[in-house]
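The values are calculated or read from the model by the stated rules, or taken from the named source; none is laboratory data. Quick caveat: nothing in here was measured; it's all calculated off a predicted structure. When we count neighbours, we look across all protein chains shown, and the Cβ atoms used for this are built from the backbone with ideal geometry, even at glycine.
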């Protein structure tokens with residue numbers, strides 16, 4: 001009897017350990033550390049813009065340390081890991097690993113990360129968006145890219161994420177005493193920007209995915225769209241956006257508070 005109980009207990013413990021290992025394999029296949037490095041570089045660049053625009057370039061070493069802590073790579077990676085672990089079932093993990101750990105999947109993720117880095121250059125972003133706009137409607141890359149964005153609901157998810165981050169940034173400014181607005185006023189201001197954010201997000205998404213996907217064969221794109229429409233693809237997409245939301249709403253609030261506190265310090 002005791003042996004059976006111990007065996008049952010071992011099975012219960014073994015499942016989470018196995019699941020953790022599969023999540024780690026998927027994170028490696030998705031090249032999450034490289035992605036996080038790109039996101040951190042973007043964030044540090046944006047923070048420099050905040051320093052220039054809102055702190056007159058006077059943030060100094062203390063500001064840089066605050067920003068560096070907000071964009072700590074390990075914390076960002078942990079957020080993605082936790083989101084995938086808690087949002088995907090074992091079957092979906094298996095399918096996702098099989099897709100992204102293949103030669104095709106590695107080429108896709110490599111191109112996406114390279115495109116993300118390239119899009120940090122405003123001239124590249126503009127050129128990529130214009131290139132997409134110039135494609136004829138019957139171009140197979142344009143058609144499949146559009147299907148891919150739609151299958152993943154990228155436009156709506158990105159707009160929602162950007163609006164949430166904008167709201168949290170303003171909350172951070174208000175809680176730090178730099179912005180005299182109520183939460184209702186902040187919400188109203190964010191919603192006023194919704195259409196502008198939507199237009200900008202659509203332009204960025206089209207340019208980014210064209211840059212990332214144009215080198216791919218049509219068969220690769222078709223397979224990628226098919227994966228995105230599968231239960232595994234939907235679970236993975238939802239999990240990654242859950243990770244993004246957790247990370248970037250926290251960072252946005254932290255940046256707002258940091259700007260407010262640094263501005264107050266500079267006034268003393």
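A few comments on the model shown:
- Yes/no for residue 20 being under 16 Å from the mean Cα position of the chain (by Cα), closer than 30 Å to residue 227 by Cβ and at pLDDT below 95: no
- Of the residues making up the range 219-268, those that are touching a residue at least 60 places away in the same chain (Cβ under 8 Å), more than 15 Å from the chain's Cα centre (by Cα) and under 23 Å from residue 142 (Cβ atoms) are 220, 221, 222, 223, 224, 225, 227, 228, 229, 230, 233.
- Listing of helices (runs of 4 or more DSSP H) fully contained in the range 54-160 that carry 1 or more residues being under 20 Å from residue 40 (Cα atoms) and in contact with a helix residue (DSSP H, G or I) (Cβ under 8 Å, 6 or more places away or on another chain): 60-70, 73-87, 103-118, 122-134
- Residue match in the range 197-207 (condition: in contact with a helix residue (DSSP H, G or I) (Cβ under 8 Å, 6 or more places away or on another chain) and within 30 Å of residue 264 (Cα to Cα)): yes
Residues checked against (1) farther than 20 Å from residue 224 by Cα; (2) within 24 Å of the chain's Cα centre (by Cα):
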residue	(1), (2)
136	yes, no
140	no, no
152	no, yes
157	no, yes
160	yes, yes
163	yes, yes
167	yes, yes
173	yes, yes
